[in-house]
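In what follows, a structure is listed as structure tokens, so that the remarks can point back to it.
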Amino acid sequence: MKLSYRRHTFNVPLCFLRLLKRRMRYVRAAGGVVEASDGSLLAIVRNGRYDLPKGKVELGETLLQAALREVEEETGLKVLPATRNPQPTKTYHIYNLYGGWHLKQTSWFAMRADGKPEVVPQLEEGITGGCWFSPDEWHSAMLHSYGTMRTVAANVTR
């Protein structure tokens, strides 16, 4: 498993991940890698950095339901699950919030959008824009973003 903290990504054994899960507040989240009809990929701009739409799983939601809801809330896009990759990529990262440590697991689903719709950013979440990139440009943008974005990009074929 890969674990990210700040800008560093580490390979960690599963037993260490289980230990962290017991010692920290565990947060489940889900998000999506959205592909337009022409093959371009979506990136959002959150707090001045490229990111992907994601958010916490609400009570009673499946991971896929949460991912679809979060993508729609953060981008204004109506998306559907992609048929090519039903299994999500999972990333883990830790952060300190309000004086307590959290371990966040995010499940990333492949999604598709009809056409190349305009992104309506969710400003209250710190999202100021959205961009459609060619696969090569998207991979480059993700490589210069958060550690978890590099992990997701490594699992998306060009």
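Nothing in this text is a laboratory measurement; each read-out follows from the coordinates by a stated rule. Owing to the predicted nature of the structure, the values given are computational and were not obtained by experimental measurement. Positions of Cβ are backbone-derived with ideal geometry, glycine not excepted, and every protein chain shown enters the neighbour counts.
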Each residue of the stretch 68-79 in turn: what ³J(HN,Hα) in whole Hz from Karplus with 6.51, -1.76, 1.60 and θ = phi - 60°, glycine and Pro shown as x? 4, 5, 5, 4, 5, 5, 7, 10, x, 8, 8, 10
Quote the FRET efficiency, to the nearest 0.05, computed for residue 65 versus residue 124 with a Förster distance R0 of 25 Å and r equal to the Cβ-Cβ distance. 0.70
Determine the percent antiparallel among the DSSP beta bridges restricted to the stretch 12-154, to the nearest 5. 70
Are there GluC sites (Glu not before Pro) in the stretch 23-119 that DSSP puts in a loop and that have at most 14 other Cβ atoms within 10 Å, and which ones? 58, 118
Site residue 26, offset 7 angstrom along Cα→Cβ, radius 12 Å on amide nitrogen, limited to the stretch 91-106, gives 103-105
In the stretch 40-143, which chymotrypsin sites (Phe, Trp or Tyr not before Pro) fall in coil by DSSP and have 10 or fewer other Cβ atoms within 10 Å? 98
Amide hydrogen neighbours beyond the local backbone of residue 110, cut-off 5 Å, H modeled: 33, 82
What list of ³J(HN,Hα) couplings, whole Hz, do you get for the stretch 44-50 from phi and the Karplus terms 6.51, -1.76, 1.60, once you set θ to phi - 60° and write x for glycine and proline? 9, 10, 10, 6, x, 10, 5
Estimated FRET transfer efficiency when R0 is 25 angstrom, pair residue 143-residue 12 (beta carbons, to 0.05): 0.75
Which residue fluctuates the most in the chain, going by a Gaussian network model with Cα springs under 10 Å, if the choices are 87, 122, 65? 87
Can you show me the helix-derived [θ] at 222 nm for the chain, built from DSSP H runs with n ≥ 4 at -39,500 (n - 2.57) apiece and divided by the number of residues, rounded to the nearest 500. -7500 deg cm²/dmol
Which whole-number percent gives the relative contact order of the stretch 12-154, counting Cα pairs below 8 Å spaced six or more residues apart? 32
Taking neighbour Cβ counts within 10 Å as the exposure measure, how do 19, 41, 63 sort from fewest upward? 19, 63, 41
Considering the chain as a Gaussian network with a 10 Å cut-off on Cα pairs, which listed residue, 123, 52, 64, attains the greatest mean-square fluctuation? 123
Charges only on Cβ, +1 for Lys and Arg, -1 for Asp and Glu: so what's the dipole of the chain about the Cα centre, in debye to the nearest 20? 1080
Over all alpha-carbon pairs of the chain, lay out the pair-distance distribution in 5 Å bins, whole %, shortest bin first. 2, 9, 18, 23, 23, 14, 8, 3, 1
Under 11 Å, Cβ to Cβ, from residue 125 - net charge with Lys/Arg +1 and Asp/Glu -1: -3
Applied in sequence order to the stretch 126-134, the curve 6.51 cos²θ - 1.76 cosθ + 1.60 (Karplus, θ = phi - 60°) yields integer Hz couplings, x standing for Gly and Pro, of x, 8, 10, x, x, 9, 9, 10, 5
Find how much the distance from residue 114 to residue 49 grows on full extension, using 0.36 nm per residue of separation minus their present alpha carbon separation; answer in nm with one decimal. 20.8 nm
Within the set 102, 93, 139, GNM on the chain using Cα springs under 10 Å gives the largest fluctuation to 102
